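So the structure is just underneath, and the comments pick up after that.
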Amino acid sequence: MDILSQPPDIHVRPSQTSGSMTANLTAALAALSQIVLGKEHQIKLAVACLLARGHLLIEDIPGVGKTTLALALARVFGLHFQRVQFTSDLLPADILGVSIYEPATGAFRFHPGPIFAQVVLADEVNRASPKTQSALLEAMEERQVTSEGATRTLPEPFFVVATQNPSEQVGTFPLPESQLDRFLMRISLGYPPPQAERTLLTERGRRDLMAALPPALEPEQLLSLQKQAQEVRTTPALLDYLMALIKATREHPELRLGLSPRAGLALRRCAQAWALIEGHSGVTPEDLQAVFAAVAGHRLNAADRASPVPIAEEILASVPIP
C-alpha cells in the first residue's frame, strides 16, 4: 500500500537507542535533500518545525517545490498524507468532515475530512475565504476538531504544511495575524541553484523518485524524537540571549509590534529541535540564530517594509551574545 494515501497502521516496535534514531534522522535529512535539491537549510528548518510539534507555512511563487517538500516529508517519516486544495468556494466542512444520514442504519455517521491525517497539506491556503481559513485554527492549536457538537482527536503526530502565494497575486486573501501565529515557522524556498536546476532538467521527476523512496523513520520513532527535542537543555545564559532578542524586537523603531511571550516559547522549542538535529547536548546561540528569522519573521509587524525578515536579520546582527 502507498503510505501517502493509506491510513496509518502504527505498531509498537522494540525501543531504539537515541543514537540509532539520530542516525535515522540524519538519513531522513539526506533523503529529503535528494528530492528537494539545493535547499538544505530550508529542509532542516522544516524538519525542526516537525520535531518541535509545530506547523509550517511556506510562502513562495508557484513551481519552486512547496508541494514536493510536503510530500517528501510525509514519505520520509512514514506518515499518512492528505492534501486540501484551497479555493474561494472551499467550505469548512470540506476540511473537517460532515455527518451523513445512512438509511440502512437509520442514523447519521461522521465522515472525517482530510484534516484527519498525520501530514496535511493546505495548498494555497490564502486563496480561500477567511471563514474557511479559520477552520484550521482549532485543529492546529488544539489538535482536535469540533464538528456538530462532537470533539474528535486528530492523529499523532499531526503536522500542517500550508503553502501560500505572494499577497500581490490575484485572488488571494491575506492571512490574519491570529492564524499566522499558529504557524511555528514560515520559510521560503526560492529558485534552486543553477546546478540543482540543471539536475532537475536531466533527472526523472521528483514524484517518480519519491515513489521509490523508503521511509527513514517510523511514526513512533518520530514521536520519540519530538519528546527528545523537548528535553534538550537550555542554559540560563541562553535564555538571557533569547530574552535580549525578544526585547530588541519590542524596541525596534521600525516595528509596530514585537514578539509575544508565545513567540518566545516558539523560539525556544525550535532552537531545541535544531540542536537535536545538529547533535548538540544543549541549545547553543548558533542554534537559536539558525531558526530566529523563520520563527520571528511572520510574527513581526513592520511599519514601512513589505517584509520584516530583514529587520529580524538586523536584530540578530546587533544583539550581542551574553
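Summary table
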item: Region 307-320 residues that are within 22 Å of PRO166 (Cβ to Cβ), paired with ones that are among the basic types (Lys, Arg) and in a loop (DSSP other than H, G, I, E, B) (beta carbon under 7 Å, 6 or more apart); result: ILE311/ARG305
item: Residue match in region 131-138 (condition: assigned to a strand (DSSP E or B), of a type in the set (Lys, Arg) and surrounded by fewer than 17 Cβ atoms within 10 Å (Cβ to Cβ)); result: no
item: Selected residue (only one of PRO157, PRO174 is of a type outside the set (Phe, Trp, Tyr), surrounded by fewer than 13 Cβ atoms within 10 Å (Cβ to Cβ) and either at pLDDT below 90 or in contact with a Phe, Trp or Tyr (Cβ under 9 Å, 6 or more places away or on another chain) (or both)); result: PRO174
item: Subset of region 290-308 that is over 18 Å from the mean Cα position of the chain (by Cα) and closer than 18 Å to GLY258 by Cβ - its residue that is modelled with the highest pLDDT; result: LEU300
item: Failed item in (1) under 18 Å from VAL119 (Cα atoms); (2) modelled with pLDDT under 90, with HIS80 passing the rest; result: (2)
item: Qualifying residues in region 266-322 (those that are under 21 Å from ILE43 (Cα atoms) and assigned to a loop (DSSP other than H, G, I, E, B)) - the one least open to solvent (accessible area, probe 1.4 Å); result: VAL283
item: Residue in region 115-130 that is closer than 26 Å to ALA290 by Cβ and part of a helix (DSSP H, G or I) present; result: yes
item: Residue, farthest from LEU225 (Cα to Cα), within region 250-265, restricted to residues that are among the charged types (D, E, K, R) and in a helix (DSSP H, G or I); result: GLU251
item: Subset of region 94-105 that is open to solvent by 50 Å² or more (accessible area, probe 1.4 Å) and more than 22 Å from PHE183 (Cα to Cα) - its residue that is nearest to the chain's Cα centre (by Cα); result: VAL98
item: Extreme residue, farthest from ALA70 (Cα to Cα), among residues of region 107-119 that are out of contact with any helix residue (DSSP H, G or I) (no Cβ under 8 Å at 6 or more places or on another chain) and open to solvent by less than 50 Å² (accessible area, probe 1.4 Å); result: ALA107
item: Residue that is nearest to VAL47 (Cα to Cα), among those in region 225-245 that are in contact with a strand residue (DSSP E or B) (Cβ under 8 Å, 6 or more places away or on another chain) and open to solvent by 40 Å² or more (accessible area, probe 1.4 Å); result: ARG233
item: Yes/no for GLY38 being more than 17 Å from GLY279 (Cβ to Cβ), open to solvent by less than 40 Å² (accessible area, probe 1.4 Å) and part of a loop (DSSP other than H, G, I, E, B); result: yes
item: Candidates ARG186, ARG204 - the one that is open to solvent by 30 Å² or more (accessible area, probe 1.4 Å), within 30 Å of GLY63 (Cα to Cα) and part of a loop (DSSP other than H, G, I, E, B); result: ARG204
item: Close pairs from region 172-200: first over 23 Å from THR87 (Cα atoms), partner surrounded by 12 or more Cβ atoms within 10 Å (Cβ to Cβ) and of a type in the set (S, T, N, Q), Cβ under 9 Å, at least 6 apart; result: GLY190/GLN42; PRO192/THR199
item: Condition met for GLU141 (under 25 Å from GLN42 (Cβ atoms), in contact (Cβ under 8 Å) with a residue 40 or more places away in the chain and either among the hydrophobic types (A, V, I, L, M, F, W, C) or open to solvent by less than 60 Å² (accessible area, probe 1.4 Å) (or both)); result: no
item: Filter result (closer than 15 Å to ASP181 by Cα and in contact with a strand residue (DSSP E or B) (Cβ under 8 Å, 6 or more places away or on another chain)) within region 246-265; result: LEU257
item: Members of region 101-138 that are touching a residue at least 12 places away in the same chain (Cβ under 8 Å) and of a type in the set (Asp, Glu); result: ASP123, GLU124
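For (1) among the small types (Gly, Ala, Ser); (2) modelled with pLDDT of 90 or more, each residue gets a yes or a no:
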| position | (1), (2) |
| --- | --- |
| ALA70 | yes, yes |
| VAL84 | no, yes |
| VAL98 | no, no |
| ALA107 | yes, no |
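The values are calculated or read from the model by the stated rules, or taken from the named source; none is laboratory data. Quantities reported herein were computed from a predicted structural model and do not represent experimental measurements. Ideal geometry is used to build each Cβ from the backbone, glycine not excepted, and the neighbour counts take in all protein chains shown. Calculation scope for accessible area: heavy atoms of the full protein, side chains included, ligands and nucleic acids excluded. Shrake-Rupley method; radii C 1.70, N 1.55, O 1.52, S 1.80 Å.
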